[in-house]
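The values are calculated or read from the model by the stated rules, or taken from the named source; none is laboratory data. Only a predicted model underlies this, so the values are computations on that prediction, with no experimental measurement involved. Glycine gets a Cβ as well: all are built from the backbone with ideal geometry, and neighbour counts include every protein chain shown.
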Amino acid sequence: MVDSAKLKAILVEKNLRQADVAKALGISTQTFNYKINNKNEFLSSEIAKLCEILGVVDEQKVVHIFFARNVN
């Protein structure tokens, strides 16, 4: 599961809109919204591209965001 709060916080920190990130990933804004809210899963290629876009390079951070076990 994606830790939505952490991912959304990074988007805010980087001043990125979901629509802009979705476009960069080649998916619709609605699809990105579904994925960020755990209604659909990110593909591994999307995770890699998203990490590149967001500048997330720390493997532990990637695991905590995209492979969270418990999400509130």
Quiz item: Are any residues in the stretch 12-59 surrounded by 14 or more Cβ atoms within 10 Å (Cβ to Cβ), over 13 Å from Val2 (Cβ atoms) and hydroxyl-bearing (Ser, Thr, Tyr), and if so, which ones?
Solution: Thr29, Thr31
Quiz item: What is the residue count in the stretch 14-28 for residues that are without any contact (Cβ under 8 Å) to a residue 40 or more places away in the chain and more than 11 Å from the chain's Cα centre (by Cα)?
Solution: 10
Quiz item: Which ranges mark the helices (runs of 4 or more DSSP H) fully within the chain that have 2 or more residues being at pLDDT 95 or above?
Solution: 4-13, 18-25, 29-36, 44-54
